[in-house]
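S.K.: Just dropping this structure here.
The values are calculated or read from the model by the stated rules, or taken from the named source; none is laboratory data. In this text, all values refer to a predicted model and were calculated from it rather than measured experimentally. Note that we place each Cβ from the backbone using ideal geometry, even for glycine, and neighbour counts take in every protein chain shown.
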2 protein chains.
Amino acid sequence: MGAFDLPSYLNARRVVVDEALDRLLPPDTATPPSLHRAMRYSVQAGGKRLRPILVIAGAESVGGTAEQVMETACAMEMIHTYSLIHDDLPAMDNDDYRRGMLTNHKVFGEAIAILAGDALLTLAFKLIALNGARAGDATLVSTLVTEVAEAAGTDGMVGGQVVDIESEGKAVSAETLDYIHTHKTAALIRASLCAGAVIAGGTHRQLDAMKKCGEALGLAFQIVDDILDVEGSTEQLGKTAGKDAQQQKATYPAYHGLEVSRAKARALIDEAKAALAPLGERAVPIRALADFIFERRS
Amino acid sequence: MGAFDLPSYLNARRVVVDEALDRLLPPDTATPPSLHRAMRYSVQAGGKRLRPILVIAGAESVGGTAEQVMETACAMEMIHTYSLIHDDLPAMDNDDYRRGMLTNHKVFGEAIAILAGDALLTLAFKLIALNGARAGDATLVSTLVTEVAEAAGTDGMVGGQVVDIESEGKAVSAETLDYIHTHKTAALIRASLCAGAVIAGGTHRQLDAMKKCGEALGLAFQIVDDILDVEGSTEQLGKTAGKDAQQQKATYPAYHGLEVSRAKARALIDEAKAALAPLGERAVPIRALADFIFERRS
């Protein structure tokens, strides 16, 4: 295999994901239009579409196709977006900007923002169930819904968010910091990578490799996010830079310093890539994605 | 069949549902304890357990058992509870009391209340998927998750809540009023009744009967709720009475008057009972529940 062209790979998949999201979100003319507009506003505000692309890359790495996992790919983006909408609320991180645009509640009000988040989470599970049913295996549908629910719930994203909020302004242990990062971000990234491989019929060995890779990748992603919050500008990030320090968040750079954090992220990326060995050449896109996660500037 | 003893029937099922909820909710010692305490606080605040009992009654009416549908029964209560926690938030109905106790955000703060709602919704889908998988049929699992998601999302409960909020203080049409009631409350009640019958292997004809019954029952339930808000005391209801009028909510009594509302509810209860004809004697508990919904004082 020659040099892999990641920008083309990402771009092609982002286009099909964006088309599918537009098709799968409720039309903003349907009742209630305000809710549907709010859902579309945040989902369509852009973003890297990292989670859906990981779903697709996960499927492709075991011989599947993007088409085969598209509802689940979109579902993971909806779950991610719902979490951002709720995290940005005044009662939580109280953010005015996200992806360079006003946050959902600044445009639609708090009530609609909360409900748009709720509706996106609900729609995500519907889409995952529909997608799983196409594979025609009850265990698969159940595994899929269960794993995503675990990654998104108290044992995953929501649990991480709670500990994150409760750790603001406090001296936390390295264990707590790891809990926050592995739960708040890594769980959903790992679940994205695995979901695609599950639907595409990956073997036990392949799924194990994917799980290890996803875990390391997800943790690296969050550490890089923390680093960018220190180093990046608000303009680059599309969200308020320096918020972590301002809110006295528990972050890797705050705890370990920038240099150690960068080395840790790099080591995790290498670990993620090494975990993919059993998948061979088909995992080239995921390896390239791993490097991209480390090198990104926003 | 002799006289049916509804109080004993309700009590026996409430006990097993409460036991199952205690087992299925995360332990409040597990990380993060505040989140799990908040989830348990609102789920275990009591309530009639109407939705789980409808799931069980739905299963029983087609020859199934409570044990067979318990995760789904608990899931419907969790979805109901999440919706109450979010509805009570300051940004929405801004309620201080629910089921005679302080609302979730009054005890745990807004951030945890929002996240506890999110976590309950997420856990509900996990439980439904696990329950469906026991039946071993991919179509069934998918149908179950899909129907519950539709009942809970923008085509159901969340959609109804949005139109409800947006209709406050406005003159609404009879159509809008019906939209609010059928979506905000009836959808989840109908889905509860149907979910039990789906898992227990109900026939097409039985599921059709259940759907019609659930729709009428759910609408009647909400009309009675509106009537109780006018006629009941805060003490009786366990939540602030007279809130609807105070918030200029779109309600049946406000639009049609108390007498017409009561007649409408009665007619819907009769319609719900008539729809159960194809189920014969096994549906006696649901018929008794229908009368109970009309006659309840809280």
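S.K.: Please go through the range B:27-43 and pick out each residue that is free of Cβ contacts under 8 Å to residues at least 24 places away in the same chain and either over 21 Å from the mean Cα position of the chain (by Cα) or assigned to a loop (DSSP other than H, G, I, E, B) (or both).
M.R.: B:PRO27, B:ASP28, B:THR29, B:ALA30, B:THR31, B:PRO32, B:PRO33, B:HIS36
S.K.: What are the residues in the range A:124-153 that are farther than 15 Å from B:GLY132 by Cβ and facing another protein chain (nearest Cβ under 7 Å), if any?
M.R.: Passing the criteria: A:GLU150, A:ALA152, A:GLY153.
S.K.: Do the conditions hold for B:ALA57, that is, is it touching a residue at least 60 places away in the same chain (Cβ under 8 Å) and not acidic (Asp, Glu)? Give the steps one after another, and end with the answer.
M.R.: Working: touching a residue at least 60 places away in the same chain (Cβ under 8 Å): yes; not acidic (Asp, Glu): yes.
For B:ALA57, the condition - touching a residue at least 60 places away in the same chain (Cβ under 8 Å) and not acidic (Asp, Glu) - is met.
S.K.: Would you call B:ILE85 under 24 Å from B:ASP164 (Cβ atoms), among the aliphatic types (A, V, I, L, M) and out of contact with any strand residue (DSSP E or B) (no Cβ under 7 Å at 6 or more places or on another chain)?
M.R.: So B:ILE85 passes the test.
S.K.: Right, something else. Scan the range A:92-118 residue by residue and report those that are touching an Asp or Glu at 6+ places or on another chain (Cβ under 6 Å), under 20 Å from A:ARG51 (Cβ atoms) and modelled with pLDDT of 95 or more.
M.R.: A:THR103
S.K.: Take B:LEU89 and decide whether it is modelled with pLDDT of 95 or more, closer than 16 Å to B:THR240 by Cα and surrounded by fewer than 24 Cβ atoms within 10 Å (Cβ to Cβ). Reasoning before the result, please.
M.R.: Working: modelled with pLDDT of 95 or more: yes; closer than 16 Å to B:THR240 by Cα: yes; surrounded by fewer than 24 Cβ atoms within 10 Å (Cβ to Cβ): yes.
Against the criterion (modelled with pLDDT of 95 or more, closer than 16 Å to B:THR240 by Cα and surrounded by fewer than 24 Cβ atoms within 10 Å (Cβ to Cβ)), B:LEU89 qualifies.
S.K.: Something else: Every residue in the range A:251-297 that is over 23 Å from A:LYS211 (Cα atoms) and crowded, with 19+ Cβ neighbours inside 10 Å, please. Break it down into steps so the answer makes sense when it comes.
M.R.: Residues of the range A:251-297 that are over 23 Å from A:LYS211 (Cα atoms), as a first pass: A:251, A:253-260, A:297.
Result: A:THR251, A:PRO253.
S.K.: Working carefully through the options B:LEU193, B:LEU121, find the one that is part of a helix (DSSP H, G or I), farther than 25 Å from B:ALA250 by Cα, within 10 Å of chain A (Cβ to nearest Cβ) and modelled with pLDDT of 95 or more.
M.R.: Being part of a helix (DSSP H, G or I), farther than 25 Å from B:ALA250 by Cα, within 10 Å of chain A (Cβ to nearest Cβ) and modelled with pLDDT of 95 or more holds for just one of B:LEU193, B:LEU121, which is B:LEU121.
S.K.: Taking the range B:124-154, which residues are under 21 Å from A:GLU71 (Cβ atoms), outside any helix (DSSP H, G or I) and modelled with pLDDT under 95?
M.R.: B:ASP137, the sole residue that qualifies.
S.K.: Does B:SER83 satisfy the criteria of being buried (at least 20 other Cβ atoms within 10 Å of the Cβ), at the interface with chain A (Cβ under 9 Å from one of its Cβ atoms) and either touching an Asp or Glu at 6+ places or on another chain (Cβ under 7 Å) or modelled with pLDDT of 95 or more (or both)?
M.R.: So B:SER83 passes the test.
S.K.: Which residues, taken from the range A:91-114, are hydrophobic (A, V, I, L, M, F, W, C) and either under 25 Å from B:LYS106 (Cβ atoms) or touching a residue at least 24 places away in the same chain (Cβ under 8 Å) (or both)?
M.R.: A:ALA91, A:MET92, A:MET101, A:VAL107, A:PHE108, A:ALA111, A:ILE112, A:ALA113, A:ILE114
S.K.: I need a count of the residues in the range B:210-225 that are more than 13 Å from B:ILE269 (Cβ to Cβ) and either hydroxyl-bearing (Ser, Thr, Tyr) or crowded, with 24+ Cβ neighbours inside 10 Å (or both).
M.R.: Residues in the range B:210-225 being more than 13 Å from B:ILE269 (Cβ to Cβ) and either hydroxyl-bearing (Ser, Thr, Tyr) or crowded, with 24+ Cβ neighbours inside 10 Å (or both): 1 in total.
S.K.: Oh, and also: Within the group A:ALA73, A:ALA57, which residue is in contact with a Gly (Cβ under 9 Å, 6 or more places away or on another chain), under 19 Å from A:MET157 (Cα atoms) and of a type outside the set (Val, Ile, Thr)?
M.R.: One residue alone meets the criteria, A:ALA73.
S.K.: Also, I was wondering about something else. Those residues that are surrounded by fewer than 21 Cβ atoms within 10 Å (Cβ to Cβ) and of a type in the set (Gly, Ala, Ser), I need them from the range A:146-175; list them, please.
M.R.: A:SER167, A:GLY169, A:ALA171, A:SER173, A:ALA174
S.K.: May I ask you to verify whether B:ALA138 is surrounded by 23 or more Cβ atoms within 10 Å (Cβ to Cβ) and small (Gly, Ala, Ser)?
M.R.: On the way: surrounded by 23 or more Cβ atoms within 10 Å (Cβ to Cβ): no; small (Gly, Ala, Ser): yes.
In short, no.
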